[in-house]
Amino acid sequence: MTTVEKLPVPVPIVGLRLHARTVAPGSPHAEKVAWLLSLQVREQQRQADAASLQTFANGAKQAIAALPKAVGDRLDEVAAIAVELGLAVAREIVGNALDRGFVDPTPTVARCLRDCVHGSNRTDLVIRLHPADLELVQRQLALMTELRDEVAGSRFVADPSVGRGAVRAETDAGRLRYDPREALERIATEVRREVTA
């Protein structure tokens, strides 16, 4: 039921109407009262929606904050896979080049001849090469006149146990072994170590 009260004031003020929370059915103001009462329900619903939206926004914020770490972790995984793939390709390329005889071991042999530490015998240097590399190396060394004495004082042996492109040099003082495949594996180990660091 709605009651209208007039307050005696000299200056008109905004009208104030008080409504009961329950209205008798059929009352002329029942619809307005129901609408006013529904505002409270709407406000409660709005607050609930705002709270759920805030919860969603906080969750999204946390997910976005965690994204760089997740991407970094995935990139680390992808980097490791990419490195291994690259190393496998490098192994295939080096292996193919060695098998086809594209790697000339002459510079390694020349360095061994120049830097060799002999034992008690000056002619104790034995250089072992793959049989397919021996002729090429001897032909190239014949063109290097500065090494003529070292070549004459060394013995060259065709050894099938030595891989293509590899060199084994032996003296009474010690031995040196160079194999491009082993060098590639040492490089691969260093690359892996750098990627995981």
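Here, each number is a calculation from the coordinates, and none is a lab measurement. For clarity, every value in this text was computed on a predicted model and none was experimentally measured. No Cβ is skipped: glycine too gets one built from the backbone with ideal geometry, and neighbour counts run over all protein chains shown.
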Each label sits 7 Å from Cα toward the beta-carbon; between ASN96 and LEU37 the label points are separated, in nm, by 8.6
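May I ask you to sort VAL195, VAL89, VAL137 by Cβ crowding, counting other Cβ atoms within 10 Å and putting the fewest first? Please list the in-between numbers first.
Numbers: VAL195 13, VAL89 10, VAL137 22.
Listed from fewest to most nearby Cβ atoms, that is VAL89, VAL195, VAL137.
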Stretched fully, the stretch from THR196 through LYS69 gains (0.36 nm per residue minus C-alpha distance, one decimal, in nm) 44.1 nm
Here the net charge surrounding LEU85, from other residues whose Cβ is less than 12 Å away from its Cβ (Lys, Arg +1; Asp, Glu -1), is -1
Ranking VAL109, ALA166, VAL191 by how far each Cα lies towards the positive end of the charge dipole of segment 101-196 (+1 on Lys and Arg Cβ, -1 on Asp and Glu Cβ), the top one is VAL191
D (µm²/s, integer) via Stokes-Einstein for segment 48-197, Kirkwood Rh across alpha-carbon pairs, 4 °C, 1.567 mPa s: value 67
One checks the Cα atoms of segment 119-176 and finds Rg and Dmax, in Å, of 11.5, 31
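Just round it to a whole percent: the fraction of Cα-Cα distances in segment 33-82 exceeding 15 Å.
Details: 814 of 1225 pairs.
Tail of P(r) above 15 Å: 66 percent of Cα pairs.
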